[in-house]
Amino acid sequence: MRVTMKKINYITLIIFIIWNTSSAVAQSDMIGYGLNKTLPQANNLNPAMLPDYKFSLGLPGLSGFHINTGQNFTNLELLTSVDENGNINTGDIFNKMRRNNRVTSNNTINLFHLGIRGLTSYTAFSVNTKTFARVSLPKELFAFALYGNASDQLDNGLLDLSRGSVKTMAYTEIGISHGREILAGKMTAGIRLKYIIGHAYGDMNSIDASLKTYGNDDFRGDSIEMNVNQFDIRTAGVAGGLINESDDIRGSALSNGGFGLDLGATYEFSKKIRFFASLNDLGFINWNEQHTNRQTIPSFQFNFSGADVVELINGEDLSVLNEFDSVVSDLEIDTTLNESFSTSLTAKLYAGASYQLSRRQTASAILYSEFYRGALIPAFTAMYNFQGGTFFNFAFSATMMNGRVNNFGTGITLNLIPFQVVLATNDLLSIVNPMKGRAVDFRFGINHTFGNVNKGKSRAKKNSKNTIDTIDLGID
Amino acid sequence: MKKIIHKPYLLFGILISIFIGGCYSELSNLELGKLQWSPELGVPLIDSEFTLTEILEANSSDIEVSPDPESDVLVIRISDDSLFSQYATDYFALSDQTLNVPPIILTQEEINEFNANGQVTISREAMIDYPNQGDLDRIIIDQGTVQTQVTENFPANVNLTLQMEDPNNTPILNYNNFFNYDGFNPISTDQSTDQFNGLEFTFNADPVLRQVLAIFDITLEKVNGQNLIFGANSIDLNIGVEDLEFEALYGDLSSQDISTEENTIQTDAFSQSEILSELDYYFENPQFRLNFTNSMGIPIRFDVNNFTTYKDGTASNEPINSSIELAAATVGSTTTSGNNFDNIFKSIINNVPDSVSLQVDGLIDPDNTPNNFVTKDSYFQAGYEVNLPLEFSLGGFEINETVSLDGIDPQELQYALFKFTSENSLPIDIDFKADLLTQDSTVVMNLFDGKFLAGGTEEAPEAISDLIRLEDDPETSNNELDDLVNVKRVGIRATISTTNNGSEVVSITSGASVKFNLAVQAKYNVNF
């Protein structure tokens, strides 16, 4: 079989989507928030969070990654359970599925991080590459595969295949942030400006389709009717370049610019109570018109009640598949090239308060919301944090979504002079109980951190009593 | 102090590791079960409404079907315009001819000039009659060849040029040769072959119109001072025309016998084939007509002698002995004539022949009429037309066929349910039987045995609806579907008859149709 360049491009695109696809819960980074005092990358969550280190450096390959990938409709326990015949219990797997089944992946690779802590401020420069993919699959699609179109399990023979969608994106953000104390130290405010280079984009907006098989209790299969409403498939960047069979792949990966903005603030209400909030990823990517492709698949209806005998005698091949293939082949797909478009980043809101339980222990409550396709996906997290100076920081969280606590997270930073190792997960349940886990969330990294501002302040404070105004910048 | 702080951290880390390690221990024994599920698919296969006209026309491009304008009964028309055809060139031809060209002898004055000057140039013209073959009035020769032979015996060098043309100044010959005298042997010969086209001669008018004009130009040169003697030397020409093809012949053309081979009439539609058993049919009003066409300017009489029918290897003659006269055509037109032989054809066709042939003789110009013409494109031909009004009875029409069916995996099939419905306003019954067979034709399972279509009328169509279920019989200990693994073929028998098992004549009208639906619902296992 000859594989054409076009096929290779489509296969590459599919691999791109699948690679980025593998939690359907809102992709918050609560543990990062909890470790904000010692984790330099937590500044990415709220530019007003000032880490305790005086200087931090993250290098490519070391500064780490954060993988969050998962789905919302099954787990290993379901997939491995068997019935009395030793068969995988496909019925149980299907019954536990949701009406809309999502597979989501958020991955961040921290390529570079440089942070400098002033006495009352923190300035950082960071480069992060991020990928995002989300595939939504209606439950009825699995019903079709599992039960077929003639099953009495279907409601009146109808398979509602709407609400299917795909979105995937890859980009690199180059950001510079600055946060500082204001109001005599009672409040911090921060801002991060990000220049964004879009690498690849693909989306297929919600597909509204249905398949109905007519019949009755005795026989189901008299005729088939399929309705598909118009939908678009958009690609840009490398994905668009591959579909357009462009030779300029490098250009397609690097010629898409955009801007982003993170805003944050903290307010020390009292010595023990502190409020904080951040609004992240306000921004857009403008995809270069030279590497865009939009295909508009028109609405169509397919009805099949059988082949015509006369046409069969005349040698026509009129099976249902051939007829459907013929209808699809005859669709006038409208392809638009060289049309620039913008996509917004997925904005996230963190807001919460912390209570200082003791010198080393803090309890926090954080509200997280994500704006996705006009919908607000909220989550509420309670957090415990134990911080042993800059040497050890531990956080544990419990997250509530949809009215119930369904997730736990934990993370530590450990300073092994001169490196700081960070291990964290926002989905502890999946780690400690992999049989019921629905996601993999894991952060690992090694940072170079120097100095402890608290130590300096402490010493400065101590010294102030002795009228000595110096700050120790030595390695902690 | 740090050691004191670090110790609980270390213990905490170890405990966490043990805890998580314990969680993952169950993954080491993780086993996936067998992945199997059983979808049910329902697929419509056929949904059709068709008339007999549509089915017949889809089966054969040679068959025309149209309703009779008065009765609305469908009529099948099978025709062949050229059962046989022959051209005038098969019967008439022009023979080779020799032109009577006189020898060329020099006059005394010409000899004197030669002897005195050593050279003389002579110009001559001659009118030569073209022979009238068969006392025709006019001939137009499309093409031919002219053979020229020249012999001269002048003791001199001779340069001969000869041009010939017909009465319309169309050139026949343009000849030139130089005869060199060597001083010893004065006799020289030469010959040539040339092509000509488009000559015309008229024999019943001005004589000039049937003559060829010959123009000679001759130059003689003295050799070795040798003089000529009057009457001693000449140039002799022998000119003939051959391989003649006529464009047209006018006049009293001779009578010609026509004898044709036996001509087989296409009766495939009624003959037996391997998949058909004995047919038993009766057509109420079949019609057979022979049509003749003549474009020659000469009358023709055809003698239709007999039909010969062949059945089971035995031939039998059905005499007809009928004559059909065709008048002479005028230039550029045709005459036609024909006759119906319906009764004899009804007898023949209802005897279900394997094939039918027709023997026809004829005579061109049977009354020897005087003024005829033919052209090279003139022809006559015979064709036939069979009209079969569908007023008929049909019984015993069985189609037996087997279809290969390798590759059934019955183990994965839980059941298959076929649903068919029909509504028939044709007066035709179709019984259908389908058996699943092993390689040696042992019946494994009967798929269907019953009426597929029941004869009805346009006013009262007959409907059938049935479900065929292919599944394991729960009453038996065996799984009947397991036997399907041995199925290699499907044996099909379709029995078609008009209503009442073909015992009465029915009429099929144009609006009679069949509605037919077939769909399948099946449940099967998918394994990975």
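The values are calculated or read from the model by the stated rules, or taken from the named source; none is laboratory data. Keep in mind it's a predicted model, so treat the numbers as computed, not measured. Note that each Cβ is placed from the backbone with ideal geometry, even for glycine, and that neighbours are counted across all protein chains shown. Protein only, heavy atoms only, side chains kept; ligands, DNA and RNA dropped before computing areas. Shrake-Rupley method; radii C 1.70, N 1.55, O 1.52, S 1.80 Å.
Counting only strands (runs of 3 or more DSSP E) that sit completely within segment B:39-97, those holding 3 or more residues that are open to solvent by 30 Å² or more (accessible area, probe 1.4 Å) and within 14 Å of chain A (Cβ to nearest Cβ) correspond to B:40-51. Just one of the listed residues (A:Gly215, A:Gly257) is in contact with a strand residue (DSSP E or B) (Cβ under 9 Å, 6 or more places away or on another chain), away from chain B (no Cβ under 14 Å) and either at pLDDT 95 or above or open to solvent by less than 50 Å² (accessible area, probe 1.4 Å) (or both), and it is A:Gly257. Here segment B:20-30 is the region considered, the condition is being at the interface with another protein chain (Cβ under 7 Å from one of its Cβ atoms) and open to solvent by 40 Å² or more (accessible area, probe 1.4 Å), and the residue that is modelled with the highest pLDDT is B:Leu30.
Is one or more of the residues making up segment A:181-192 of a type in the set (D, E, K, R), more than 26 Å from the chain's Cα centre (by Cα) and more than 14 Å from chain B (Cβ to nearest Cβ)?
The answer is yes; a qualifying residue exists.
Residues that are part of a loop (DSSP other than H, G, I, E, B) and either under 22 Å from the mean Cα position of the chain (by Cα) or among the aromatic types (Phe, Trp, Tyr) (or both) within segment B:376-397 comprise B:Asp377, B:Ser378, listed in sequence order.
For every residue, the table says whether it meets (1) surrounded by 20 or more Cβ atoms within 10 Å (Cβ to Cβ); (2) assigned to a strand (DSSP E or B); (3) modelled with pLDDT of 90 or more; (4) not β-branched (Val, Ile, Thr).
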position: A:Thr362; (1), (2), (3), (4): yes, yes, yes, no
position: A:Tyr368; (1), (2), (3), (4): yes, yes, no, yes
position: A:Phe371; (1), (2), (3), (4): no, yes, no, yes
position: A:Ile377; (1), (2), (3), (4): no, yes, no, no
position: A:Ala395; (1), (2), (3), (4): yes, yes, no, yes
position: A:Val405; (1), (2), (3), (4): no, yes, no, no
position: A:Gly409; (1), (2), (3), (4): yes, yes, no, yes
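Within segment A:294-338, being within 30 Å of A:Lys167 (Cα to Cα), crowded, with 16+ Cβ neighbours inside 10 Å and within 14 Å of chain B (Cβ to nearest Cβ) holds for one residue alone: A:Phe302. Summed over segment B:446-471, the residues that are part of a strand (DSSP E or B) and out of contact with any helix residue (DSSP H, G or I) (no Cβ under 9 Å at 6 or more places or on another chain) give a count of 16.
On the stretch given as segment B:181-230, residues that are within 23 Å of B:Ile128 (Cα to Cα), assigned to a loop (DSSP other than H, G, I, E, B) and open to solvent by 30 Å² or more (accessible area, probe 1.4 Å) total 3.
Report yes if B:Asp472 is within 30 Å of B:Thr51 (Cα to Cα), among the acidic types (Asp, Glu) and in contact with a strand residue (DSSP E or B) (Cβ under 8 Å, 6 or more places away or on another chain), otherwise no. Criteria not met by B:Asp472. Please determine whether any residue of segment B:329-336 is open to solvent by less than 60 Å² (accessible area, probe 1.4 Å) and either assigned to a strand (DSSP E or B) or under 25 Å from B:Asn387 (Cα atoms) (or both). Yes, there is a match, as at least one residue in segment B:329-336 is open to solvent by less than 60 Å² (accessible area, probe 1.4 Å) and either assigned to a strand (DSSP E or B) or under 25 Å from B:Asn387 (Cα atoms) (or both). Entry remark, segment A:178-212: residues being among the hydroxyl-bearing types (Ser, Thr, Tyr), closer than 30 Å to A:Ala253 by Cα and modelled with pLDDT under 95 number 1 in total. State whether the residues of segment B:469-477 include one that is within 14 Å of chain A (Cβ to nearest Cβ) and either of a type outside the set (Asp, Glu) or buried (at least 20 other Cβ atoms within 10 Å of the Cβ) (or both). Checking segment B:469-477: at least one residue is within 14 Å of chain A (Cβ to nearest Cβ) and either of a type outside the set (Asp, Glu) or buried (at least 20 other Cβ atoms within 10 Å of the Cβ) (or both). The set of residues in segment B:465-507 that are farther than 16 Å from B:Ala416 by Cα and modelled with pLDDT under 80 comprises B:Glu475, B:Thr476, B:Ser477, B:Asn478. For residues in segment A:73-99 being surrounded by fewer than 18 Cβ atoms within 10 Å (Cβ to Cβ) and more than 10 Å from chain B (Cβ to nearest Cβ), which is nearest to A:Gln420 (Cα to Cα)? Applying the filter and picking the extreme gives A:Thr74.
Kindly check whether there is at least one residue in segment B:338-357 that is touching a Leu at 6+ places or on another chain (Cβ under 6 Å), at pLDDT 90 or above and open to solvent by less than 30 Å² (accessible area, probe 1.4 Å). Yes, there is a match, as at least one residue in segment B:338-357 is touching a Leu at 6+ places or on another chain (Cβ under 6 Å), at pLDDT 90 or above and open to solvent by less than 30 Å² (accessible area, probe 1.4 Å). Which one is nearest to A:His448 (Cα to Cα) among residues in segment A:147-164 that are open to solvent by less than 20 Å² (accessible area, probe 1.4 Å) and at pLDDT 90 or above? Checked segment A:147-164; the qualifying residue nearest to A:His448 (Cα to Cα) is A:Leu159. The single condition from (1) in a helix (DSSP H, G or I); (2) within 14 Å of chain A (Cβ to nearest Cβ); (3) of a type in the set (D, E, K, R) that B:Asp483 fails is (2).
The set of residues in segment B:486-520 being open to solvent by less than 50 Å² (accessible area, probe 1.4 Å), more than 22 Å from B:Tyr282 (Cα to Cα) and within 14 Å of chain A (Cβ to nearest Cβ) consists of B:Val514, B:Phe516, B:Leu518, B:Ala519, B:Val520.
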